[in-house]
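Below: the structure, in structure tokens.
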Amino acid sequence: MTNPLFDLSGKTALVTGSSRGLGRAMAEGLAVAGARILINGTDPLRVAETVSQFQAAGHAAEPAAFDVTDEAQIVRAFDTFDAAGIAVDILVNNAGIQFRKPMVELATADWQRVIDTNLTSAFMIGREAARRMIARGHGKVINIGSLTSELARATVAPYTVAKGGIKMLTRAMAAEWAEAGIQANAIGPGYMITDMNQALIDNPSFDAWVRGRTPARRWGKPDELIGTAVFLASPASNYVNGQIIYVDGGMSSVL
Ligand code: GCO
């Protein structure tokens, strides 16, 4: 018996970057809680394969393949949702890339690509979703930040800046949209076991640093974000706004 506070039955969630990694884990968790998932990625074939896997698992899922950095594709995607009678009740701005290089060696184009993918996309997609959520008087926006929303690490400046921006964009969304019944919040994952981090996990000294620097003494697993995602997507968080919840084993809380 699902507690109605955490029940997403009848809701539709758009999760960007949900064909793999953290986005896929959160999408699966929202589906288990009852939501229909719009699976997003840039590769239509990979999106279709993910949709098939979700449906085979008994989850309601539809494809929503578009490039989160392309404003025209975002607008077209939401127009398609409108035409199909699909209301996005929950938006999870998860899509993101990493690019590790010292700033003095960093090309501006690489800087911009990370900012566009990890931050500007959340603004553009959030704007399209909010225009419709405001009209309906309710909605949930969950932006995916990072430990680096709070703390900087050398060689990941554009990622850090983008994720710091995600924290403040979340507050800006709360400032403008809360009175319309929209709750905008963020999740700040710590060092999680993902493809993006595999090179770090495989590096013995970096692996030891993460384990030593994290009170939980381990890397996080993608499915450990599900509880926070379901909470922020559900009625349980109807009076929570502008917050970022760190799911990081305690790393951001200690020296
Ligand atoms: C890095 C990592 C981090 C993690 C995560 C930490 O190079 O330091 O990629 O950025 O992915 O974002 O919260």
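The values are calculated or read from the model by the stated rules, or taken from the named source; none is laboratory data. Quick caveat: nothing in here was measured; it's all calculated off a predicted structure. Note: ideal-geometry Cβ built from the backbone for every residue, glycine included; neighbour counts use all protein chains shown. Remember, those area values only see protein heavy atoms, side chains included, never the ligands or the DNA or RNA. Shrake-Rupley method; radii C 1.70, N 1.55, O 1.52, S 1.80 Å.
Can you pull out the residues in the range 188-206 that are away from the ligand (no atom under 12 Å from the Cβ) and open to solvent by less than 40 Å² (accessible area, probe 1.4 Å)? If the condition is that a residue be away from the ligand (no atom under 12 Å from the Cβ) and open to solvent by less than 40 Å² (accessible area, probe 1.4 Å), then no residue fits. When the range 207-223 is filtered for residues that are surrounded by fewer than 19 Cβ atoms within 10 Å (Cβ to Cβ) and either among the β-branched types (V, I, T) or outside any loop (DSSP other than H, G, I, E, B) (or both), the ones remaining, listed by number, are D207, A208, W209, R211, G212, R213, D223. Please verify whether the range 228-235 includes one or more residues that are in contact (Cβ under 8 Å) with a residue 12 or more places away in the chain and not in a helix (DSSP H, G or I). So far as the range 228-235 goes, yes, one or more of its residues are in contact (Cβ under 8 Å) with a residue 12 or more places away in the chain and not in a helix (DSSP H, G or I). Could you check, for the range 186-200, whether at least one of its residues is within 20 Å of T120 (Cβ to Cβ) and polar (S, T, N, Q)? Checking the range 186-200: not a single residue is within 20 Å of T120 (Cβ to Cβ) and polar (S, T, N, Q).
The combined condition, being within 30 Å of A107 (Cβ to Cβ), more than 10 Å from the ligand (Cβ to nearest atom) and buried (at least 20 other Cβ atoms within 10 Å of the Cβ), is not fulfilled by I182.
Does V88 qualify as being open to solvent by less than 70 Å² (accessible area, probe 1.4 Å), under 26 Å from M251 (Cβ atoms) and away from the ligand (no atom under 12 Å from the Cβ)? No, not satisfied. In the range 147-163, of all residues being near the ligand (Cβ under 9 Å from one of its atoms) and of a type in the set (V, I, T), the one that is farthest from N118 (Cα to Cα) corresponds to T155. Selection of the range 133-147 for residues being under 19 Å from P235 (Cβ atoms) and open to solvent by 10 Å² or more (accessible area, probe 1.4 Å) yields I134, R136, G137, H138, K140.
Within the range 111-130, being away from the ligand (no atom under 14 Å from the Cβ) and in contact with a Pro (Cβ under 9 Å, 6 or more places away or on another chain) holds for W111, Q112, R113, I115. Close contacts from the range 148-163, counting a first residue that is in a loop (DSSP other than H, G, I, E, B) and a second that is hydroxyl-bearing (S, T, Y), with Cβ to Cβ under 8 Å and a gap of 6+ residues or different chains, come to E150/Y246; E150/S252; L151/S252; A152/T160; R153/T160; V156/T148. Across the range 18-58, the number of residues qualifying as without any contact (Cβ under 8 Å) to a residue 60 or more places away in the chain and buried (at least 16 other Cβ atoms within 10 Å of the Cβ) comes to 14. Filtering T2, T42, T80 for residues that are modelled with pLDDT of 95 or more, at negative phi and not in a helix (DSSP H, G or I) leaves a single hit, T42. Residues that are of a type in the set (F, W, Y) and within 24 Å of K11 (Cα to Cα) within the range 133-184 comprise just one, W177.
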